[in-house]
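These notes are about the structure you will find just below.
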Amino acid sequence: MATTAELLAEAKAAYHRLQIGESAVEVRDATGESIRYTPANASRLKAYIAELEAETNGCGRVVPPLRPVWG
């Protein structure tokens, strides 16, 4: 099973290939399944990269800051 850092590197490389014009790329997810991304769903790949980066930084998910409400 690949580490989170390895999955992140693979996902970033795949996103780069999409950005330079490849029509489709495949990426393994945390369960080892292969997912195919195309330019049309590149935003989903970018979201997956953000999730992996959050895991790598030690937090499970990104939570926006709390804002106090007066009144």
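The values are calculated or read from the model by the stated rules, or taken from the named source; none is laboratory data. Computed from a prediction, not measured in an experiment: that's the story for all the values here. No Cβ is skipped: glycine too gets one built from the backbone with ideal geometry, and neighbour counts run over all protein chains shown. For accessibility, only protein heavy atoms count, side chains too; no ligands or nucleic acids. Shrake-Rupley method; radii C 1.70, N 1.55, O 1.52, S 1.80 Å.
Here is how the numbers come out for the structure above:
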read-out	value
Candidate set: the stretch 23-34, residues that are modelled with pLDDT under 90 and surrounded by 10 or more Cβ atoms within 10 Å (Cβ to Cβ); chosen: the one farthest from ALA54 (Cα to Cα)	ARG28
Count of the stretch 40-58 residues which are part of a helix (DSSP H, G or I) and open to solvent by 80 Å² or more (accessible area, probe 1.4 Å)	6
Neighbours by Cβ (under 8 Å, 6+ apart or cross-chain): first from the stretch 11-38, outside any strand (DSSP E or B); second small (Gly, Ala, Ser) and open to solvent by 60 Å² or more (accessible area, probe 1.4 Å)	THR38/SER23
Selection from the stretch 1-10 of residues that are modelled with pLDDT of 90 or more and either part of a loop (DSSP other than H, G, I, E, B) or surrounded by 13 or more Cβ atoms within 10 Å (Cβ to Cβ) (or both)	LEU7, LEU8, ALA9, GLU10
